[in-house]
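Notes for the one structure printed next.
The values are calculated or read from the model by the stated rules, or taken from the named source; none is laboratory data. This structure is a prediction, so every number in the text was calculated from the model and none was measured. All Cβ positions, glycine included, derive from the backbone under ideal geometry; neighbour counts span all protein chains shown.
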Amino acid sequence: MRSVAVVHQEKNVKMLRIAKELALPLDVVTQTLAILARKGSGKTFTLRLLLERLFKAGMQVVDVDPKGDHWGVRSSADGKGPGIGCLILGGEHGDLPLEPGSGELVAKLVVEERVSVVLDLSLFRKHEVATFMTAFLENFYRLKAREQYRTPVMLFVDEADAVAPQKPQRGEERMLGAIEDIVRRGRQRGIGCTLVTQRSAVLNKNVLTQAQVMIAMRTIAPQDLAAMDAWIEVHGTPEQRATLMESLPSLPRGDAWVWSPGWPTDEGIFQRVHVDPIETFDSGATPEPGQKRVEPKERADVDLEALRRQMAATVERVKAADPTLLRRRIAELERSLSGAQKQAAEYQRLAQDVEQRPSKPAKEKRVEVPVLKDAQVKRLEALFERVSATAEKLGAAHGALVTEMGALAGRVLSFQSAARATPSPAVPRPAAPILPARRPIAPPATARAAAGEPGGEVSVGNSGLRRMLIALAQRPQGLTNQQLGVRAGVSSRSGTFSTYLGRARSQGWIDGRGHLKITDAGIVALGAYDLLPEGRALADYWIREIGGGAARMLQALVDVYPAGLTNEQLGERARISHASGTFSTYLGRLRALELVEGRGELRASEELN
């Protein structure tokens with residue numbers, strides 16, 4: 001099994017044959033290509049052929065697939081053997097699901113781990129495509145600027161007019177700007193780009209004219225022919241234009257003009273060819289009436305476990321610089337500082353009262369029993385000194401964190417989600433559930449002593465560990481390692497999870513092996529947290545919390561409760577193939593959260609109703 005973290009190495013291939021009559025140099029990987037043709041002319045086959053050839057030559061490839069047609073690259077053409085080892089993210093056949101807000105995370109994975117991937121966006125709505133692609137393209141281009149990541153990669157964008165529209169809608173402007181940066185200046189960073197469209201007229205002209213190589217296949221519409229003219233005016237001669245334009249409307253399927261002025265030699269390329277057939281499964285074939293759908297029986301292996309470990313580390317790095325989490329850390333620190341300062345002021349007032357208490361005249365000859373003994377006063381003074389020192393440390397930490405926020409401001413801005421920065425079309429959302437107010441828990445004195453303090457909170461400090469403690473506090477009956485990892489957003493198989501768990505055990509905050517529970521000392525260390533709602537409000541909470549396809553599955557089960565649904569019925573209601581890896585991933589997550597019960601027939605958990 002190959003690891004997806006390493007670019008696949010084959011024998012040293014210097015030329016890539018795309019037709020019997022034509023082979024391209026390997027450095028096509030950093031060129032910008034435009035494949036223009038009406039539907040059914042072979043443009044997607046040409047994309048797939050280039051992708052296969054580059055992958056087998058040891059190049060990294062990233063394929064943006066908005067229609068869900070390219071997952072067949074993992075199987076041979078007849079479906080009986082393996083294809084190429086590209087990871088499939090998203091869609092009905094994905095190895096792992098893809099969420100609209102994960103563009104930045106996927107970009108970091110692609111660049112830092114050099115993973116070859118197919119990004120299947122077919123289950124996204126239009127505004128979700130813009131959200132994902134804006135974050136992905138911006139961060140992909142930004143990260144490739146670093147010297148250590150300047151390795152060759154070809155970015156394929158099918159239906160490119162959706163990513164680079166001639167007339168961008170509101171919310172698409174940043175996405176268009178990001179793809180413009182890549183086609184204009186990406187080659188310096190090792191990025192090549194292949195743009196594929198059946199509507200040349202609606203592909204942005206500022207993007208189209210930057211292509212160094214045009215592969216033109218059968219085109220009929222006058223508007224699309226006119227759009228090709230915009231490219232020819234920049235790159236071609238009148239004689240070449242006349243030859244190409246006269247033949248385009250009648251080109252047979254699979255025939256193409258390959259036109260590249262000045263590359264790979266000064267003479268360039270201007271040649272009509274018949275593109276070779278692809279070697280992987282045609283998963284985008286148009287179904288014919290009465291024809292039985294054929295599914296491939298074998299797929300090339302990818303090391304998903306290695307990928308999950310890589311993604312866990314990448315997720316933690318992203319969260320470490322997330323502005324929302326940083327602001328939350330500051331707010332928690334300020335609350336702790338405020339509480340410590342109030343306690344210090346109260347202890348100081350008590351100590352002053354004791355010191356200033358007037359003595360009684362000796363003539364009364366009465367023995368006054370002091371409210372506090374000397375030993376108690378000394379302990380109180382020592383406690384005051386400890387609290388004051390703690391308050392000073394919290395104040396210093398707060399100032400350091402605020403300074404860190406200022407230093408990171410420029411970098412953090414690029415991590416902002418596109419959905420927050422750019423207004424999106426209005427989408428109906430379920431009403432937000434009314435959650436209990438965030439409130440501190442008052443543990444018994446024995447718990448406070450176990451935590452090492454006579455009273456008050458002990459700062460947990462780490463956001464990941466804090467999420468783990470919150471998850472256990474919200475589920476006092478306990479959680480397995482996997483359930484805790486899912487609820488806290490930290491993979492239970494990762495080194496990060498083990499580190500957090502080891503720290504919590506050493507502090508006495510978590511008890512148990514395999515089935516974990518929070519201790520009284522853990523409640524003290526945690527301090528304030530949100531209680532989970534109950535009944536339907538709990539269902540609404542989880543639907544909003546998990547989002548995406550898993551939320552659609554849970555909503556479908558809640559809607560029919562107390563009845564259940566088969567896997568097939570659930571997949572149909574949630575618009576996800578029940579036979580796909582995506583469905584299994586979502587169902588596993590819902591089971592780990594204890595939101596779904598049953599095997600043959602699935603039901604929503606009783607506590608959600």
Practice task
Look through region 580-609, keep the residues that are more than 25 Å from the chain's Cα centre (by Cα) and part of a loop (DSSP other than H, G, I, E, B), and return whichever of them is modelled with the lowest pLDDT.
Solution key: Asn609
Practice task
Would you be able to say whether some residue in region 37-56 is at negative phi, modelled with pLDDT of 95 or more and assigned to a loop (DSSP other than H, G, I, E, B)?
Solution key: no
Exercise for the section: Using the structure shown, decide if Leu538 is under 27 Å from the mean Cα position of the chain (by Cα), outside any loop (DSSP other than H, G, I, E, B), closer than 30 Å to Trp71 by Cα and not basic (Lys, Arg). Expected result: no
Practice task
Considering only region 193-257, give the helices (runs of 4 or more DSSP H) lying wholly within it that have at least 3 residues that are of a type in the set (S, T, N, Q).
Solution key: 238-247
Handout entry: Criterion: buried (at least 18 other Cβ atoms within 10 Å of the Cβ) and either within 27 Å of Leu469 (Cβ to Cβ) or free of Cβ contacts under 8 Å to residues at least 60 places away in the same chain (or both) - qualifying residue of Tyr561, Tyr586
Key = Tyr586
Practice task
Please verify whether region 85-95 includes one or more residues that are assigned to a helix (DSSP H, G or I), in contact (Cβ under 8 Å) with a residue 60 or more places away in the chain and in contact with a Gly (Cβ under 7 Å, 6 or more places away or on another chain).
Solution key: no
Exercise for the section: Would you check which residues across region 141-159 are in contact (Cβ under 8 Å) with a residue 60 or more places away in the chain and not in a strand (DSSP E or B) and list them? Expected result: Arg142, Thr151, Pro152, Asp158, Glu159
Fill in the blank from the handout: Expected single match for buried (at least 22 other Cβ atoms within 10 Å of the Cβ), among the hydrophobic types (A, V, I, L, M, F, W, C) and over 19 Å from Glu279 (Cβ atoms) among Leu50, Leu24, Leu33, Leu54 is Leu33
Problem - Selection status of Leu109, not polar (S, T, N, Q) and not in a strand (DSSP E or B) - result: yes
Completion exercise
Residue pairs within 9 Å by beta carbon, gap of at least six or interchain, first lying in region 70-81 and at positive phi, second of a type in the set (Asp, Glu) and in a loop (DSSP other than H, G, I, E, B), listed first then second, are Gly79/Glu295; Gly79/Glu298
Practice task
Please go through region 484-534 and pick out each residue that is under 22 Å from Gly547 (Cα atoms) and touching a Leu at 6+ places or on another chain (Cβ under 7 Å).
Solution key: Leu484, Val486, Arg487, Ser492, Asp530, Leu532, Pro533
Problem - Flag if Gly535 is farther than 23 Å from Arg475 by Cα and at pLDDT below 85 - result: no
Handout entry: Ile470, sole failed condition from (1) assigned to a helix (DSSP H, G or I); (2) more than 30 Å from Glu92 (Cα to Cα); (3) at pLDDT below 85
Key = (3)
Problem - Flag for Arg575 being loosely packed, with under 14 Cβ neighbours inside 10 Å, more than 23 Å from the chain's Cα centre (by Cα) and not hydrophobic (A, V, I, L, M, F, W, C) - result: no
Practice task
Using the structure shown, decide if Val118 is under 25 Å from the mean Cα position of the chain (by Cα), in the same structural domain as Val29 (by TED's automatic domain parsing), free of Cβ contacts under 8 Å to residues at least 60 places away in the same chain and within 24 Å of Ala57 (Cβ to Cβ).
Solution key: yes
Exercise for the section: With the condition kept exactly as written, say whether any residue in region 561-579 is at pLDDT below 85 and assigned to a helix (DSSP H, G or I). Expected result: no
Practice task
Could you tell me whether region 541-553 includes any residue that is aliphatic (A, V, I, L, M) and either farther than 18 Å from Ala488 by Cα or part of a loop (DSSP other than H, G, I, E, B) (or both)?
Solution key: yes
Practice task
Restricting attention to region 189-214, report how many residues are over 16 Å from Ala230 (Cβ atoms) and either of a type in the set (Ser, Thr, Tyr) or modelled with pLDDT of 95 or more (or both).
Solution key: 7
Problem - Flag if Leu87 is under 24 Å from Val29 (Cβ atoms) and at pLDDT 95 or above - result: no
Handout entry: Residue in region 121-128 that is outside any helix (DSSP H, G or I), among the hydroxyl-bearing types (Ser, Thr, Tyr), surrounded by fewer than 19 Cβ atoms within 10 Å (Cβ to Cβ) and under 19 Å from the mean Cα position of the chain (by Cα) present
Key = yes
